[in-house]
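Before any comments, here is the structure.
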Amino acid sequence: MERPVKKDFKRPTHINDYPVGPQYEAGHLAETNASWRSVRPVVDNDKCINCLICYMVCPDGTIMKTDGKISVDYDYCKGCGVCAHECPKDAIAMVKEEL
Amino acid sequence: MTNDTVLKIPRITPKNMTEKEFFYGHKACAGCGGSVAVRLALKVLGERTYTALPAGCMAAVGFIFPQMAFNTNALITTFPGVASMASGIAAGAKALGQKDFKTVCFAGDGGTADIGLQALSGMIDRDDDVLYICYDNEAYMNTGIQKSGLTPYGTLTTTTPAGKNIHGTKTNKKNLFEIIAAHDIKYAATASIGYPQDYINKVNKAKHIKGATFIHVYASCPTGWGTPTNTSIEIAREAVDCGLIFLAEYQNGDYKLNKNPKEFKSVKEYLTKQGRFKHMTDADIEQVIAYRDMKWERMRRNWNS
Ligand SMILES: Cc1ncc(C[n+]2csc(CCOP(=O)(O)OP(=O)(O)O)c2C)c(N)n1
Ligand code: SF4
Ligand code: SF4
Ligand code: SF4
Ligand SMILES: [Mg+2]
């Protein structure tokens, strides 16, 4: 996957554990955003024509186009529904998350 | 650079654009339009990009220690100083002998049209090799929706409340694009995340121009606008279709309207579906339409397209 993934991060317990200046490694993700979501996009690949509109307009970049097939990174998708709303083929359903 | 050389730039489309993400895992609200603008621009500009952001939503949601959503070299600047700090980055990288890199700013409407305007003017005056992108959500969103110089007439914000006598913002949007073009900048454009391929093309064009370039991109904000999270692209498209936002370019001294529709879609429909305009009366809406028509009459008369 050509996108950052969550890395283990030990919370600083002492002032010496913090970086010297206010800077840090690019693309360092210590947590996911999955818990923000109340609905999830589910792609019907039979309906999908691979136009990649959903891929282009996703605010979080969580639609993946790898191997000519649309899939979703559920670790970082926030369930905004933009992809489903913009899909010209109604190939994305927003499905309620069950706890 | 002439128009001819610009035309030879290989087109970037969602099909051929890199699968790499450079703005990922950020904490923007679900459906945030600004993050569409930042994400797509960085995918066009690529890995060798220095990114500078002043205070504003995209800075706030991108850098939450230890969560670093920018997957390129990126930094938060002073609020008024993003353009001058980007100028410094570009100069520094050049002094180090670095080649084949781009420096980009992402600043909000407040950070651009009000507080960062002087630094931006200097950056263009010196023709520093920086692409400045203003994502316009029409208010100071990160501090809780205050009116900026790009907040349009009628908008409800916390500093321009809507009551019986005063119906939200009393002023019109500053003519930011024209202010920038008046510097005789090499390339300036307006765009909307509602027309993402057009925006991608403009970023791609600016990427290949050495010197100062500017893009003003309309980027919806469901939180500040009172719109459902799933309509962020649609609403930014409707803003263009009803003529309140225009798509244009300025290059080699010429203005060009990219979209010059014979008929506009309904302004009323665009406004009334947003919480920030719900209080507007028919007379308020008439005033918005009259201002739109005056602006388009002027653009059509003065800009050859
Ligand atoms: C000098 C200074 N003044 C005020 C602030 C507070 N502040 C931080 S973000 C922000 C709003 C930015 O609005 P805009 O530029 O439109 O970006 P947006 O948040 O809408 O994306 C303000 C007022 C600051 N950080 N620094
Ligand atoms: S629901 Fe929103 S965040 Fe999730 S994949 Fe669709 S557009 Fe992206
Ligand atoms: S927008 Fe719809 S049809 Fe197009 S690629 Fe996405 S899921 Fe497939
Ligand atoms: S307040 Fe608006 S601009 Fe800021 S992160 Fe939320 S949706 Fe984006
Ligand atoms: Mg703003």
Query raised in the report: Among the numbered criteria (1) within 7 Å of another protein chain (Cβ to nearest Cβ); (2) open to solvent by 70 Å² or more (accessible area, probe 1.4 Å), which single criterion is violated by A:P4?
Result: (2)
Query raised in the report: How many residues does region B:138-179 hold that are within 15 Å of ligand 1 (Cβ to nearest atom), open to solvent by 40 Å² or more (accessible area, probe 1.4 Å) and outside any loop (DSSP other than H, G, I, E, B)?
Result: 2
Report task. Please work out which residue is farthest from ligand 2 (Cβ to nearest atom), limiting yourself to region B:141-152 and to residues that are within 15 Å of B:T223 (Cβ to Cβ) and touching a residue at least 60 places away in the same chain (Cβ under 8 Å). Result -> B:I145
Report task. Residues being touching a Leu at 6+ places or on another chain (Cβ under 8 Å), open to solvent by 10 Å² or more (accessible area, probe 1.4 Å) and either within 16 Å of ligand 4 (Cβ to nearest atom) or within 14 Å of chain A (Cβ to nearest Cβ) (or both): count how many of those fall in region B:180-226. Result -> 4
Query raised in the report: Do we have any residue at all in region A:56-67 that's under 24 Å from B:M17 (Cα atoms) and more than 9 Å from chain B (Cβ to nearest Cβ)?
Result: yes
Query raised in the report: Which residue pairs have Cβ atoms under 6 Å apart, sit 6 or more places apart or on different chains, and have a first residue in region B:11-36 that is in contact (Cβ under 8 Å) with a residue 24 or more places away in the chain and within 13 Å of ligand 2 (Cβ to nearest atom) and a second that is of a type in the set (A, V, I, L, M) and open to solvent by 30 Å² or more (accessible area, probe 1.4 Å)?
Result: B:K27/B:I64
Requested in this report: Within region B:260-278, work out how many residues are in contact (Cβ under 8 Å) with a residue 40 or more places away in the chain and open to solvent by less than 80 Å² (accessible area, probe 1.4 Å).
Outcome: 7
Query raised in the report: Among the residues of region A:61-87, which ones are more than 7 Å from ligand 2 (Cβ to nearest atom) and part of a loop (DSSP other than H, G, I, E, B)?
Result: A:G61, A:K65, A:K69, A:I70, A:D73, A:Y74, A:D75, A:Y76, A:C87
**Report entry** Residue tally, condition more than 16 Å from ligand 3 (Cβ to nearest atom) and either among the β-branched types (V, I, T) or at the interface with chain A (Cβ under 8 Å from one of its Cβ atoms) (or both), over region B:9-21
**Finding:** 5
Query raised in the report: Does any residue of region A:72-93 turn out to be within 8 Å of chain B (Cβ to nearest Cβ) and out of contact with any helix residue (DSSP H, G or I) (no Cβ under 9 Å at 6 or more places or on another chain)?
Result: no
Query - Residue check, B:T281 surrounded by fewer than 24 Cβ atoms within 10 Å (Cβ to Cβ), farther than 19 Å from B:Y153 by Cβ and over 16 Å from the mean Cα position of the chain (by Cα) - result: no
Query raised in the report: Which of (1) outside any loop (DSSP other than H, G, I, E, B); (2) among the small types (G, A, S); (3) open to solvent by less than 20 Å² (accessible area, probe 1.4 Å) is the odd one out, the single condition A:A93 does not satisfy?
Result: (3)
Query raised in the report: When you look at A:I53, is it touching a Pro at 6+ places or on another chain (Cβ under 7 Å), aliphatic (A, V, I, L, M) and open to solvent by 30 Å² or more (accessible area, probe 1.4 Å), yes or no?
Result: yes
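The values are calculated or read from the model by the stated rules, or taken from the named source; none is laboratory data. None of the values given here were measured: they were computed from a predicted structure. Heads up, the Cβs are rebuilt from the backbone with ideal geometry, glycines too, and the neighbour counts pull from every protein chain shown. Remember, those area values only see protein heavy atoms, side chains included, never the ligands or the DNA or RNA. Shrake-Rupley method; radii C 1.70, N 1.55, O 1.52, S 1.80 Å.
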